[in-house]
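The values are calculated or read from the model by the stated rules, or taken from the named source; none is laboratory data. All of these numbers come straight from a predicted model, not from anything done at the bench. Here the Cβ positions follow ideal geometry from the backbone for every residue, glycine too, while neighbour counts run over all protein chains shown. SASA here: full protein model, heavy atoms, side chains in, ligands and nucleic acids out. Shrake-Rupley method; radii C 1.70, N 1.55, O 1.52, S 1.80 Å.
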Amino acid sequence: MSEPTPKADILVIDDTPENLNLLSTLLIEHGYKVRSVTKGSTGIRGAQVMPPDLILLDVNMPQMSGYEVCQHLKADDRTRDIPIIFISALEAVSDKVKAFQAGGVDYITKPFQIEEVLARIETHLTLRRLQNQLRFQNEQLQQEIRDREHAEEKFATIFQQSPNPIAIVTIPEGQLMEVNPSFLSMSGYTRDQVIGNSITQLHLGHDSETFLHRLQTIETLHNLEFELLTHSGSVKSILVSFDRIELNGATYALLIANDITERKRLENEFISLVSHELRTPLTSMMGSLDLLSSGQLGSLTEQGQQVLNIGVKNAERLIRLINDILDLERIRSGKITMNQQSCNLADLMTQATEEMQAMADRSEIQLITEPLSISLAADPDRIVQTLTNLLSNAIKFSPAQTTVNVRAYSSEQTSSVCISVCDQGRGIPSHQLQTIFERFQQVDASDARQKGGTGLGLAICRNIIEQHGGRIWVESTVNQGSTFYVELPLDAE
Ligand code: ADP
């Protein structure tokens, strides 16, 4: 059978061999491991080489007194923390005080009761264990604090020095809680001007209401194009991504932006340049095709005519695309101003419906319009252009035998009128409800070819409506239908 592990390792230092023997035997009997020495210097060396859990130390010894031994042990890092209990025949209070001053933890007078010695040993061993435990936990805590401080420092540096503008915003209020220097330099605001204010209060964009709504209703969004209004009033194109984060038990939105103003400017310049350059040869191509189809250059075989028709159809599509690009470019750059005049919304609704009636009939779709007679200041051609575009989409993306409704209602409270175009078509996935208003964004890559679209219609609509100081947005359920809303301000009476 293996020996039971001793309760603790005790070093006994006493110059009287009988005392040593007696103490050692008793302690061993009670399950302790005992090392015993008769000289203070030997005891110190032993403790340094292999520190015991506790030392029992005689006060009166010839070469080196117990107090001196104790002082040596306390002066050495290796032995400083070992509890030392003095054992002595001296009973004077001054001796006890001296013992405690030298660093002893306890003092037992001879002759002693073994029970007392054992009880005191146990008490100090327990105390030491607890002390060690505390020290260990304390070190662990200190380490955790240091780790946390390092992590916080690291993330604070990343946040402060990130080239990407970052903001932390409350939900649902949209209040800016924290922003980094990049955010401030992009927006032109000072920290004091933004912290505590909401996105809508600061009017960070024409579309900040819709943006706030998305922030409240959507958990995460990537690369949404947003026109940011800076403090000085200039407009910057930014891509925003956001995600929800938990901080101190509350949920916030973490917004990370990317300034793409310069890229957009170059892109627009490029598009407009290319479109202009394409127009000239295309016009001449269309002229040639017309000449061929007029028969003035001789008649064509039936197959020849078919090939020519394909050519004409595609050239027309190309012209449509270029016209749309140029149109959008001109509206965006402010080259076309809205010719605002007083008009009746009912007339505009009727005109748009009449223009689209033939297309609806071809697609076997019922077009129901409830014109609202209300006066508003707007560019009638551009509003009709917007409505026909929405109607054309509603018809294009709906199956036969369904209905498309056009309604309008005014609100005195917001002093605006809202026109809705509602279809029972294929619907739009929720993550694309915003992006389809961007240039060349289509739900399905094949929409351009199959439905003859350009992917520019809604971008043009949005620009027209925003130039009127209004808003355009869509609500939709896949396979059930979509409703596009156009909100326009009414004249302030
Ligand atoms: P397009 O010329 O392709 O119609 P738009 O900018 O008008 O370009 O529309 C962009 C895309 O939005 C369409 O290609 C289509 O994928 C989607 N879309 C627009 N209106 C609807 C609608 N009423 N129902 C379903 N999808 C629609």
Please state which of the following conditions Gln441 fails to meet, knowing it meets all the rest: (1) open to solvent by 40 Å² or more (accessible area, probe 1.4 Å); (2) more than 8 Å from the ligand (Cβ to nearest atom).
(2)
Candidates Glu246, Glu262, Glu219, filtered to the one that is open to solvent by 30 Å² or more (accessible area, probe 1.4 Å) and touching an Asp or Glu at 6+ places or on another chain (Cβ under 9 Å):
Glu219
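Per-residue answers, yes or no, for (1) more than 30 Å from Ser88 (Cα to Cα); (2) at pLDDT below 95; (3) aromatic (Phe, Trp, Tyr):
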| residue | (1), (2), (3) |
| --- | --- |
| Gly103 | no, yes, no |
| Lys110 | no, yes, no |
| Glu122 | no, yes, no |
| Asn132 | no, yes, no |
| Gln137 | yes, no, no |
| Arg148 | yes, yes, no |
| Phe155 | yes, yes, yes |
When only residues in the range 444-455 that are near the ligand (Cβ under 6 Å from one of its atoms) and part of a loop (DSSP other than H, G, I, E, B) count, which is modelled with the highest pLDDT?
Gly455
So Val117 clears everything in (1) open to solvent by less than 90 Å² (accessible area, probe 1.4 Å); (2) free of Cβ contacts under 8 Å to residues at least 12 places away in the same chain; (3) β-branched (Val, Ile, Thr) except one condition, right? Which one?
(2)
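Could you pull out every one of the strands (runs of 3 or more DSSP E) wholly within the range 308-413 that has 2 or more residues that are small (Gly, Ala, Ser)?
Output list reads 375-378, 403-411.
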Pick from the range 403-421, criterion within 17 Å of Met356 (Cα to Cα) and more than 9 Å from the ligand (Cβ to nearest atom), ranking: most open to solvent (accessible area, probe 1.4 Å)
Arg407
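Is it the case that the range 478-491 has a residue that's at pLDDT below 85, more than 9 Å from the ligand (Cβ to nearest atom) and assigned to a loop (DSSP other than H, G, I, E, B)?
Looking for residues that are at pLDDT below 85, more than 9 Å from the ligand (Cβ to nearest atom) and assigned to a loop (DSSP other than H, G, I, E, B), one finds at least one in the range 478-491, hence yes.
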So, in the range 222-243, how many residues would count as being open to solvent by less than 40 Å² (accessible area, probe 1.4 Å) and of a type in the set (S, T, N, Q)?
3
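Look at Ala358 and say whether it is away from the ligand (no atom under 13 Å from the Cβ), open to solvent by less than 40 Å² (accessible area, probe 1.4 Å), at negative phi and over 36 Å from the mean Cα position of the chain (by Cα).
no
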Residues that are open to solvent by 70 Å² or more (accessible area, probe 1.4 Å) and farther than 19 Å from Gly334 by Cα, drawn from the range 194-215:
Gln201, His203, Glu209, His213
Scanning the range 7-51 residue by residue, the ones that are crowded, with 18+ Cβ neighbours inside 10 Å and acidic (Asp, Glu) total 1
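A quick yes/no check of all residues on (1) away from the ligand (no atom under 15 Å from the Cβ); (2) open to solvent by 20 Å² or more (accessible area, probe 1.4 Å); (3) touching a helix residue (DSSP H, G or I) at 6+ places or on another chain (Cβ under 9 Å):
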residue: Glu364; (1), (2), (3): yes, yes, no
residue: Thr369; (1), (2), (3): yes, yes, yes
residue: Gln385; (1), (2), (3): no, yes, yes
residue: Lys396; (1), (2), (3): no, yes, yes
residue: Gln401; (1), (2), (3): yes, yes, no
From Gln424, Gln467, grab the single residue that is touching a residue at least 40 places away in the same chain (Cβ under 8 Å), within 13 Å of the ligand (Cβ to nearest atom) and open to solvent by 30 Å² or more (accessible area, probe 1.4 Å).
Gln424
Any residue at all in the range 88-102 that is touching a helix residue (DSSP H, G or I) at 6+ places or on another chain (Cβ under 8 Å), buried (at least 18 other Cβ atoms within 10 Å of the Cβ) and farther than 21 Å from Arg128 by Cβ?
yes
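Tally the residues that are of a type in the set (Phe, Trp, Tyr) and part of a loop (DSSP other than H, G, I, E, B), restricting the search to the range 155-173. If you could, list the steps in order and put the result at the bottom.
Our first condition is that a residue be of a type in the set (Phe, Trp, Tyr); within the range 155-173, this holds for 155, 159.
From what is left, the residues that are part of a loop (DSSP other than H, G, I, E, B) are none.
Number of matching residues: 0.
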Of the residues Glu116, Glu152, only one is more than 25 Å from the chain's Cα centre (by Cα) and part of a helix (DSSP H, G or I); which?
Glu116
